[in-house]
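All remarks here apply to the structure that follows.
The values are calculated or read from the model by the stated rules, or taken from the named source; none is laboratory data. Keep in mind it's a predicted model, so treat the numbers as computed, not measured. Ideal geometry is used to build each Cβ from the backbone, glycine not excepted, and the neighbour counts take in all protein chains shown. Accessible surface areas use protein heavy atoms only, side chains included; no ligands, DNA or RNA. Shrake-Rupley method; radii C 1.70, N 1.55, O 1.52, S 1.80 Å.
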Amino acid sequence: MARNQYYNQLHSPVSTWHRSKHDGISYLDLDFLSICPACAKPLFLADTIYNKNNDFREKSAWMQRPYKFVAEKCELPYFLIWYTVDEISEQNRPIKEFHIKRIYPSGGKGLVKLTPDEMLQYLEYKVQQHIPTCSSKSYLLKRITTKSEHNADFKRLNNYVKLLSK
């Protein structure tokens with residue numbers, strides 16, 4: 001956890017306590033670990049960054065080191081994900097766009113801009129990519145086909161159903 005708070009970083013009793021302690025300790029919060037919604041297998045790791053003023057400011061190589069270490073050891077892709085919001089009001093700040101940069105494994109396409117729906121499609125793709133080896137396919141099928149307020153706008157449900165019906 002950074003000593004100083006930047007932008008709208010986590011403000012909790014634990015982070016306040018930690019920031020008040022000496023320099024002989026350190027921790028960071030894990031922003032984004034995409035998992036299978038059925039078996040909980042990790043699919044990728046990401047560090048999300050609020051894209052204030054479109055500056056695409058990255059964390060230092062030193063701050064990225066723990067994420068990269070975990071990604072390599074767990075054989076997971078690791079991304080930086082900048083999100084840009086529409087600052088309508090303090091209460092209403094919808095995400096306008098994402099910019100993604102793959103850090104591990106290296107050799108990505110650089111900075112890729114995605115709409116919120118394109119980001120959702122990528123998250124869906126990672127789950128669908130995992131389905132052939134998922135140990136909880138029947139639960140995933142039940143979970144995605146259950147009538148709920150969250151599943152009401154599941155645009156690409158049939159993509160999952162096709163894969164899970166094989």
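The table for this structure:
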{"item": "Subset tally (residues that are in a loop (DSSP other than H, G, I, E, B) and surrounded by 18 or more Cβ atoms within 10 Å (Cβ to Cβ)) for segment 104-121", "result": "0"}
{"item": "Of residues in segment 64-103 being open to solvent by 60 Å² or more (accessible area, probe 1.4 Å) and touching an Asp or Glu at 6+ places or on another chain (Cβ under 7 Å), the one farthest from Ser26 (Cα to Cα)", "result": "Lys96"}
{"item": "Filter pass, Leu140 being under 19 Å from the mean Cα position of the chain (by Cα) and either under 30 Å from Arg65 (Cβ atoms) or not polar (S, T, N, Q) (or both)", "result": "no"}
{"item": "Single unsatisfied condition, Pro132 versus (1) touching a residue at least 24 places away in the same chain (Cβ under 8 Å); (2) in a helix (DSSP H, G or I); (3) surrounded by 12 or more Cβ atoms within 10 Å (Cβ to Cβ); (4) over 16 Å from the mean Cα position of the chain (by Cα)", "result": "(3)"}
{"item": "Filter result (more than 25 Å from Cys36 (Cβ to Cβ) and either touching a strand residue (DSSP E or B) at 6+ places or on another chain (Cβ under 9 Å) or in a helix (DSSP H, G or I) (or both)) within segment 88-98", "result": "Arg93, Pro94, Lys96, Glu97"}
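Here's the yes/no breakdown for (1) over 30 Å from Cys134 (Cβ atoms); (2) part of a loop (DSSP other than H, G, I, E, B); (3) touching a residue at least 24 places away in the same chain (Cβ under 8 Å):
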residue: Gly24; (1), (2), (3): yes, yes, no
residue: Ala38; (1), (2), (3): no, yes, yes
residue: Phe56; (1), (2), (3): yes, yes, yes
residue: Ala71; (1), (2), (3): no, no, yes
